[in-house]
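Have a look at the structure below before the remarks.
The values are calculated or read from the model by the stated rules, or taken from the named source; none is laboratory data. Fair warning: this is a prediction, and the values are worked out from it, not measured in the lab. Don't worry about glycine lacking a Cβ; one is built from the backbone with ideal geometry, like all the others, and counts go over all protein chains shown. For the accessible areas, the whole protein counts, side chains as well, though only heavy atoms, and no ligand, DNA or RNA atoms are used. Shrake-Rupley method; radii C 1.70, N 1.55, O 1.52, S 1.80 Å.
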Amino acid sequence: EEDFHLLVKQMAEKEKDCANRLFYLALPPSVFKPITSMIKACCMSPTGWTRVIVEKPFGKDSASSADLSDHLQKLFKEEQLYRIDHYLGKEMVQNLISLRFGNMIFGPTWNRDSIASVTITFKEPFGTQGRGGYFDEFGIIRDVMQNHLLQILCLAAMEKPVTTSPDDIRNEKVKVLKAIPSLSLSSCVLGQYCGDPDSDHPDARLGYLEDPTVPEGSSCPTFAAAVLKINNERWDGVPFMLKCGKALDERKAEVRIQYKDVPGDIFNGGTVRNELVIRVQPDESVYVKVMTKTPGMSFNLQETELDLTYKSRYKDARLPEAYERLILDVFVGSQMHFVRSD
């Protein structure tokens, strides 16, 4: 407690007439509760706002997450809490709302009548790199799937909000989550990477269990794939596939919306399904895979792309880092891109 009183004293020496205070909990989850209790007891701004940024993981399971949420809500109002998921600050994730609801060409086909499947992918080309002890406490599902990928799913699947206000958007996200039945093991694939003895890269020759910081015999997954269903009028029967993993073949995060086959095929099976791909990282882009006639005298079909790659189209644009955007949102009091307690 003395340390927090000292912190308050040092802040007061620098503050002028009206001072706002922002606390960023980039700390081990085990100390969230005592730290936030001391912030509430000692460190609230007497002249301006006080806001608290909470980093993931928000608990280790449903019970610990609810316990942390109950604790925070007893101390702070919802508008003071900013549960940060940095994927919600990425350019193309934020662009999902604009693409969906700002373009007439997507709206009428964004449903089970036209879409065959939605795949949301996160891939990293490296393993734990000596951080296996930390990673082993959580695994790929808690680290990536149930936060980053689930938030992207909500943006891709939600109904049109009444406005772009934070609560209207988050209300629609909650409706999507409520419509998703519990996931069964038969709809999941879990895996753990092993080393490639023939690789030229020393890290690639080490499997997960060969990381000295990983507990011996750990069954912690480093790869997970799951198929979710959404039981509502728009998405009934459309599989939403979430895939994420470490030590894979490339670095990539994307949303891939695959459309159904064209009915009444007149090209003797020469067509392939259209796809809308939103590439989150690297090389932010949006592209649509379409069928066109090959150039020249023939009448053969080929697949091509309508491609909007940001670094080509917006050469002079600066895309801020995700945390940069989100911390600015906290300063101005916008919770649009933050996770609400429900």
Loop only by DSSP, 12 or fewer other Cβ within 10 Å of the Cβ. Give me the GluC sites (Glu not before Pro) in segment 216-262 that pass, ordered by residue number. E216, E233, E250
What are the ³J(HN,Hα) values, in whole Hz, obtained from phi via the Karplus relation 6.51 cos²θ - 1.76 cosθ + 1.60 with θ = phi - 60°, for each residue of segment 264-277 in sequence order, with x given for Gly and Pro? x, 4, 10, 10, 6, x, x, 9, 10, 5, 5, 9, 9, 10
Measure nothing fancy, just the Cα-based angle from helix 91-101's long axis to the longest principal axis of the chain, in degrees from 0 to 90, nearest 10. 60 degrees
By how many degrees, between 0 and 90 and to the nearest 10, does the Cα long axis of helix 2-14 differ from the longest principal axis of the chain? 80 degrees
Which value, in Å² rounded to 10, gives the accessible area of C194 with a 1.4 Å probe and all protein chains present? 110 Å²
To the nearest 10 degrees, the tilt of helix 322-332 (Cα long axis) against the first principal axis of the alpha carbons of the chain is 50 degrees
Computed from the coordinates I sent, log10 I(q)/I(0) by the Debye sum over Cα atoms at q = 0.10, 0.12, 0.13 Å⁻¹ equals one of [x] -0.68, -0.95, -1.09; [y] -1.04, -1.25, -1.23; [z] -0.74, -1.02, -1.16. Tell me the label. [z]
Give me the lysines in straight-line cross-link reach of K229: C-alpha distance below 18 Å, same-chain residues under 8 apart excluded. K173, K175, K178, K243, K260
Solvent-accessible surface (1.4 angstrom probe) belonging to D342, in square angstrom, nearest 10: 100 Å²
Quantify, in whole percent, the carbon and sulfur part of the accessible surface of the chain (1.4 Å probe; protein heavy atoms only). 53 percent
For R340 paired with T309, estimate the spin-label separation in nm (one decimal), with each label point 7 Å from Cα along the Cα-to-Cβ line. 3.9 nm
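Quick check: with the 1.4 Å probe, what order do D211, D249, D200, D168 take by accessible area, largest first?
Working: D211 15, D249 120, D200 145, D168 40 Å².
Putting D211, D249, D200, D168 in descending order of accessible area: D200, D249, D168, D211.
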So, for segment 213-321, what is the accessible surface per residue at a probe of 1.4 Å, expressed in square angstrom? 60 Å²
Counting only helical runs of four or more DSSP H residues, what would the 222 nm mean residue ellipticity of the chain come to if each run contributes -39,500 (n - 2.57) and the total is spread over all its residues? -7500 deg cm²/dmol
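For the chain, what's the relative contact order in percent, using C-alpha pairs closer than 8 Å and at least 6 residues apart?
20 percent
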Neighbour cut-off at most 15 other Cβ (10 Å), DSSP loop, GluC sites (Glu not before Pro), segment 257-334: E321
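Filter the chymotrypsin sites (Phe, Trp or Tyr not before Pro) in segment 300-336 down to the DSSP loop ones having no more than 13 other Cβ atoms within 10 Å, then list what survives. Working shown, then result.
Numbers: sites: Y310, Y314, Y323, F331; in loops: Y314.
Qualifying residues, ordered by number: Y314.
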Integer Hz, Karplus 6.51/-1.76/1.60 couplings in order for segment 15-28, x for Gly and Pro: 7, 9, 4, 10, 10, 9, 10, 10, 10, 10, 8, 8, 9, x
The answer for segment 91-200, accessible area per residue at 1.4 Å probe in Å², is 49 Å²
Antiparallel versus total DSSP beta bridges in the chain: what percent is that, nearest 5? 70 percent
